[in-house]
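Have a look at the structure below, then the notes.
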Amino acid sequence: MHNKQDEGNKEQIEVLNKKKEILNTIKDGLEKNVETSIDDLKEYVKNWRDLGRVPYEMRHIEVKFNKLLDKVVDSNNLEKQDVEMIKFENLVSSYLEQKNYRKLDSEQLFIRKKIDETVKEIQQLDNNVGFISNVNEDNPFVKKVREQIAGYQEKLDIWKTKLNYLKNIE
């Protein structure tokens, strides 16, 4: 019994080491300012996912991977929505591999809640601008509110895309 556990742990530790190598590869690319495309990111995520799971107590490496992807995005001017979807697809794939359907359901509920919150924020900001009469669009306050609305609209688009993705896999 213990021998089987040890073999499983050895495999997971091997996976951990390979994932660390991927992290180092990405870090080297960042330090050398290598241009990274969306396809490169997808390849990193695919390789990451193909390696499998790490020991439970070492799962923090997943967070490191996502933070590193964020840094790559910031340094390469990549489309935020594309990267968000890559990370989300990675998360959903890990839930599916673990057959953790409860997590998928809670993720869907979370996304629906976020969509509702974002829509309410947009409506509130529109309502606030509506109270101000006879103000032109050059007003700094109105400009700021319009920028906030645009930001929320961008988030709303991402949330809706994620929800559609979840609906299509079920």
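Some points to look at:
- Count of region 147-162 residues, restricted to those that are among the small types (Gly, Ala, Ser) and either under 19 Å from residue 113 (Cβ atoms) or surrounded by 13 or more Cβ atoms within 10 Å (Cβ to Cβ) (or both), is 1.
- Scanning region 97-106 for residues that are exposed (fewer than 13 other Cβ atoms within 10 Å of the Cβ) and either at pLDDT 85 or above or assigned to a helix (DSSP H, G or I) (or both) yields 97, 101, 102, 106.
- Entry remark, region 113-146: residues being under 22 Å from residue 83 (Cα atoms), open to solvent by 100 Å² or more (accessible area, probe 1.4 Å) and either modelled with pLDDT under 95 or touching a helix residue (DSSP H, G or I) at 6+ places or on another chain (Cβ under 7 Å) (or both) number 0 in total.
Listed here are the residues, each with its yes/no results for (1) of a type in the set (Lys, Arg); (2) within 14 Å of residue 155 (Cα to Cα); (3) touching a residue at least 60 places away in the same chain (Cβ under 8 Å).
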| site | (1), (2), (3) |
| --- | --- |
| 100 | no, no, no |
| 103 | yes, no, no |
| 106 | no, no, no |
| 115 | no, yes, no |
| 118 | no, yes, no |
| 141 | no, no, no |
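- Residue-level check: of (1) outside any helix (DSSP H, G or I); (2) more than 26 Å from residue 16 (Cβ to Cβ); (3) open to solvent by 90 Å² or more (accessible area, probe 1.4 Å), residue 78 misses just (3).
The values are calculated or read from the model by the stated rules, or taken from the named source; none is laboratory data. As the structure is a prediction and not an experimental result, all values here were calculated from the model. No Cβ is skipped: glycine too gets one built from the backbone with ideal geometry, and neighbour counts run over all protein chains shown. Accessible surface is based on the protein model in full, side chains and every heavy atom, while ligands, DNA and RNA are left aside. Shrake-Rupley method; radii C 1.70, N 1.55, O 1.52, S 1.80 Å.
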